[in-house]
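Novice: Just passing along the structure, written as structure tokens.
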Amino acid sequence: MSDWHCGEGMQMRFGIGRRFMRLPTLAANGALLGMLGMLTLLPGCSDKAATVTKATFETTSPDDELLVNLPARIRRDPSADACRNLINQINNSSLAKPDPAIPVDERTAMLAKQFALTENELREIRRPEFTALDAQELSDAILFREAINALEIRKLPLAQQVDELFGWMTRMIRPAERTGIPTPPQFVAIRGSGDGVERAYVFLALLRQLGVTAAIVGPESVATQATYLPPPNPNGRGTVRTPFWAVGVAIDGQLRLYDPFNGEIVRTATGEPATLQILRDKPESVKAWIDSAPQIESKSMDAIRAAGIAFTTSVSSLAPRMQRLEPVLKSLQLQLAARVDEQLAELQKLPGVKAVQPWAPPGDSGTLTHVLAEFLPVEQGGLGESKLGQQSFIEFIRQMVPWGSFPPSLNSMSGPSSLRVRALVMERYQKFILEPNNPHLLLIRGQYDDLIQQMTSLREESGRLGGKNLNDLDAKLAEWGPKLDAADANVARANRAKDIAASQRAQADLEQVIRDGGEVAFMLERWTARLLAEEGTYLLCLCIQEKAEQSRILGVAGANLKDSWSSSKDWWERYLRDYPRQAALYPARIAHAKAMIARCQKMLQP
């Protein structure tokens, strides 16, 4: 039998039967976690979770060579997995030895109070050895530094560099609603969407790698404003909060304002960049922005004049050990250690600043300080303070799959059949969103040629698999799903009865049902490939847009620049034309595509 037919050959060609069978009988409770357990959890990870070993504090002979070659090794492979491996090696080098000149206990106790750190977080920043959380922090820093490098902005004045970074953020992160605690910036960038708080986190991550001091600007009590209020009971729903109005960036002796909620540089009525000093002294000059900004709850001029600011940074950046690592990686221009006292002092001197404090709302795990440690699974560096972060990570994975694009019967499935089928779909999306050099990371890093090649191959694969003859998938899923559930139930029942013979018969029956579903699995594979091709086209559009933006920044002129804008416009129009159903599934994405078309048209005007 041909490998392209259903049955054993087809199962061997795609490994579909094995992927179904290796999933055990799943109980309803914790089923989603069980399904996700088969997936690589983080961008840049292999299928085996990398652990970080504690330092032995024994300097080996290749120690100096390791530290000297560290930047070059990171340039070759900046993935999170590679960063964890490097951290393991660093922990057995002289770099893992604490600096006796830094009073760790005294310093970290003060930071814990300033940033409302938990006991686990305090222990984390006091550890002399580098940790799995540090590895993820390093990977994040590299990613956003690469994004900056790809924009080619280094020769521009600082104000223009910041403006370009803000523009990049608004193009790459389309607006979206948030339902829980915010997502960490790298994962927001991979997802390509976020609410105003999450977009601010991405912008702040970029500014940090640019080496620019920034703060959040909001109501007078902004330092204690939370991002999320947990539900009063486990089954309830929490409350999403908007704790600030804008991001303030220290530029040319002023705190310039950027609005990540509306995606605009805040300007006065005369078109000048707005600053905190203007907000305090002449709020009427930015009244148009105030009136149009939903994140500003109280729009009275007195409330605006009383605006406060707060400084924020990640928990890993507060660890004294980062001060030892940063100089070794100087050639990479990475900012890893927070300069809290220095940056607070810099902010305090700016016009319009009455007082500046760290952003530390009590009990809020969603601030930039806590969110990565909350979001990551414990084995990947998370500190496991609450279930909110783990739930957010699961939600992140789930949201990356367009379940609404699949047949209705798949979304109405329940029980083991649902989990097995969804696991098959999730496995296809694993490579697309989480593995090293996935297209999302290539886009962020500015590896446009690699992305174009990868997405072209994806579209060709979708064409080979074909999208025809899939009309029966809904009916076949509806017929096969109950059979699989019944077979799974028989296995569970026989196992509970501890009847070995019955268990063997039930297991054999289950495996036969799975084999009978080979055609369904193959059709689902083709359906998923088609959806990935649609997603790939959207990423190609973003890629072509960024190539045009890069040409603009580099000063390309004449026909070449016009061709870049025309190409970008054509790709966006092709996306809207070829995938009309995206309008119902992704209205924000469609609005974003139309906004990019409008931008291209504006840039094409003489």
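Novice: For a label point 7 angstrom out from the Cα of Glu272 toward its Cβ, which stretches of region 280-324 have the backbone nitrogen within less than 19 Å?
Specialist: Only 280-290, 305 pass the distance filter.
Novice: Still on this model: Just to confirm the number: angle between the C-alpha axis of helix 587-604 and the first principal axis of the chain, 0 to 90 degrees, nearest 10?
Specialist: So the inclination is approximately 50 degrees.
Novice: Given a Förster radius of 25 Å and the C-beta distance between Arg464 and Lys431 as r, what FRET efficiency does 1/(1 + (r/R0)^6) yield to the nearest 0.05?
Specialist: 0.90
Novice: Given the rule -39500 (n - 2.57) for each run of at least 4 DSSP H residues, summed and divided by the residues of the chain, what is its mean residue ellipticity at 222 nm, to the nearest 500 deg cm²/dmol? Could you put the intermediate results ahead of the total?
Specialist: Numbers: 28 runs with 340 residues, N = 606.
When only DSSP H runs of four or more count, the value is -17500 deg cm²/dmol.
Novice: Could you name the aspartates and glutamates in cross-link range of Lys282, using Cα to Cα under 14 Å and dropping any fewer than eight places away on the same chain?
Specialist: Counting by Cα, and skipping residues close in sequence, Lys282 has these aspartates and glutamates nearby: Glu272, Asp302.
Novice: If the cut-off is a Cα-Cα distance under 22 Å, which lysines reach Lys431, setting aside same-chain residues fewer than 8 apart in sequence?
Specialist: Answer for Lys431, where 22 Å is the Cα cut-off: Lys48, listed by chain and number.
Novice: Using only Cα atoms, tell me the angle between helix 448-465 and the longest principal axis of the chain; keep it within 0 to 90° and round to the nearest 10.
Specialist: It is inclined by approximately 20 degrees.
Novice: May I ask you to list the aspartates and glutamates whose Cα is less than 18 Å away from that of Lys113, ignoring any residue fewer than eight positions away on the same chain?
Specialist: Asp105, Glu121, Glu124, Asp341, Glu342, Asp364, Glu385
Novice: Next question, about the same structure. Using DSSP to define loop residues, name the trypsin sites (Lys or Arg not before Pro) in region 123-223 whose beta-carbon has at most 12 other beta-carbon atoms within 10 Å. Could the numbers behind the result be given before it?
Specialist: Working: sites: Arg123, Arg126, Arg145, Arg154, Lys155, Arg171, Arg178, Arg191, Arg199, Arg208; in loops: Arg154, Lys155, Arg178.
Answer by residue number: Arg154, Lys155.
Novice: Okay, moving on. On a 1.4 Å probe surface of the protein chains, which of Thr270, Thr118 comes out largest in accessible area, and what is the full order? The partial results should precede the final answer.
Specialist: Details: Thr270 115, Thr118 45 Å².
From most accessible down to least: Thr270, Thr118.
Novice: Sort 256-267, 480-491 by the packing proxy (mean of other Cβ within 10 Å over each peptide's residues), most packed first.
Specialist: Ranked from most to least packed, the peptides come out as 256-267, 480-491.
Novice: While we're looking at this one, here's another question. On the protein heavy atoms, probe 1.4 angstrom, tell me the percent of accessible surface of region 401-605 carried by carbon and sulfur. Mind dumping the intermediate values first?
Specialist: Numbers: 4520 of 9140 Å².
The C+S portion of the solvent-accessible surface of region 401-605 is 49 percent.
Novice: With every protein chain present, what is the per residue accessible area of region 157-232 (1.4 Å probe, Å²)?
Specialist: 26
Novice: Across region 318-326, in residue order, what do the Karplus-derived ³J(HN,Hα) couplings come to in whole Hz, using 6.51 cos²θ - 1.76 cosθ + 1.60 with θ = phi - 60° and x for Gly and Pro?
Specialist: Coupling constants for region 318-326: 7, 6, x, 5, 5, 5, 7, 7, 4 Hz.
Novice: For Ser292 and Leu554, calculate 0.36 nm times their separation in residues minus their Cα-Cα distance, and state this gained length in nm to one decimal.
Specialist: Full extension of this stretch gives 91.0 nm more.
Novice: Using the Kirkwood formula over every pair of different C-alpha atoms, what hydrodynamic radius in Å results for region 250-345?
Specialist: One decimal place: 15.8 Å for the Kirkwood radius.
Novice: So which of Lys299/Lys349; Lys547/Lys594; Lys569/Lys602 end up more than 21 Å apart by C-alpha?
Specialist: Over 21 Å apart, Cα to Cα: Lys299/Lys349.
Novice: Give me the angle, in degrees from 0 to 90, between the Cα long axis of helix 80-90 and the longest principal axis of the Cα atoms of the chain, rounded to the nearest 10.
Specialist: Once rounded, one gets 70 degrees.
Novice: How large, in percent, is the carbon and sulfur part of the accessible surface of region 61-122 at a probe radius of 1.4 Å? Intermediate values should be presented prior to the final figure.
Specialist: Numbers: 1620 of 3090 Å².
C and S atoms contribute 52 percent here.
Novice: How much accessible surface area, in Å² rounded to 10, belongs to the heavy atoms of Trp527 with a 1.4 Å probe?
Specialist: Roll a 1.4 Å probe over it and Trp527 shows about 40 Å².
Novice: On average, how much accessible surface per residue is there in region 401-605, in Å², for a 1.4 Å probe, leaving out ligands, DNA and RNA?
Specialist: On the way: 9140 Å² over 205 residues.
For region 401-605, the per-residue accessible area is 45 Å².
Novice: While we're on this one: Report ³J(HN,Hα) in whole Hz for each residue of region 476-493, in order, from the Karplus equation J = 6.51 cos²θ - 1.76 cosθ + 1.60 where θ = phi - 60°; Gly and Pro get x.
Specialist: Taking θ as phi minus 60°, the curve returns 5, 5, 5, 7, 7, x, x, 5, 5, 4, 5, 5, 4, 5, 5, 5, 5, 5 Hz for region 476-493.
Novice: Show me 78-91, 419-432, 331-344 ranked by packing, highest mean number of other Cβ atoms within 10 Å first.
Specialist: Highest-to-lowest ranking by the protection proxy: 78-91, 419-432, 331-344.
Novice: Would you kindly compute the Cα radius of gyration of region 129-193 and its largest Cα-Cα separation (Dmax), both in Å?
Specialist: Rg then Dmax for region 129-193, in Å: 14.1, 40.
Novice: Using alpha carbon centroids, what distance separates region 467-506 and region 290-369, in Å?
Specialist: Taking the Cα centre of each part, region 467-506 and region 290-369 sit 54 Å apart.
Novice: Please report, as a whole percent, how much of the solvent-accessible surface of region 124-262 comes from carbon and sulfur atoms (probe radius 1.4 Å).
Specialist: 46
Novice: Another one. Report the percentage of all Cα-Cα pairs in region 410-559 whose separation exceeds 18 Å, rounded to a whole percent.
Specialist: 67
The values are calculated or read from the model by the stated rules, or taken from the named source; none is laboratory data. These numbers come from a predicted model, not from an experiment. Positions of Cβ are generated from backbone atoms using ideal geometry, with glycine treated the same way; all protein chains shown enter the neighbour counts. The protein model used for the area step is the full one, side chains on, heavy atoms only, and it has no ligands, DNA or RNA in it. Shrake-Rupley method; radii C 1.70, N 1.55, O 1.52, S 1.80 Å.
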